[in-house]
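Each remark here refers to the structure printed beneath this line.
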Amino acid sequence: MDRSMHVAVACGVPLVAIVSPTNHLQTSTVSKHARIVRHRFECSPCMKEECRSDHRCMLSIEPEEVWAEVEGLKRELKIES
């Protein structure tokens, strides 16, 4: 997870993170204001800087999934658009 995401959580900023090649159990932050979007594959988490196959862990994530998490977090935290 990018360091800026940890800073956002430390400052109480709600966030939705897309996490695939990294191990979310090791690199994610714990916060009621954070959501993680990821898909499981046999090759992930690989922790590689460059994909050695087809980027399926990232390419399989649809924008609608991420948006649904954003909307769900907004509802949960009672944030108005």
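A few comments on the model shown:
- Residues (farther than 16 Å from Cys57 by Cα, of a type in the set (Val, Ile, Thr) and modelled with pLDDT of 80 or more) located in segment 1-38: Val7, Val9, Val13, Val16
- Filtering segment 30-70 to residues that are closer than 11 Å to Ile18 by Cβ and either part of a strand (DSSP E or B) or touching a Leu at 6+ places or on another chain (Cβ under 9 Å) (or both) leaves Arg35, Ile36, Val37.
- Subset of segment 57-68 (residues that are surrounded by 13 or more Cβ atoms within 10 Å (Cβ to Cβ) and at pLDDT 95 or above): Glu65, Val66, Ala68
- First in segment 37-59 and touching a residue at least 24 places away in the same chain (Cβ under 8 Å), second anywhere and aromatic (Phe, Trp, Tyr), Cβ under 6 Å, 6 or more apart: Cys57/Phe41
The values are calculated or read from the model by the stated rules, or taken from the named source; none is laboratory data. What you see is a predicted model; the values in this text were computed from it and never measured. Positions of Cβ are generated from backbone atoms using ideal geometry, with glycine treated the same way; all protein chains shown enter the neighbour counts.
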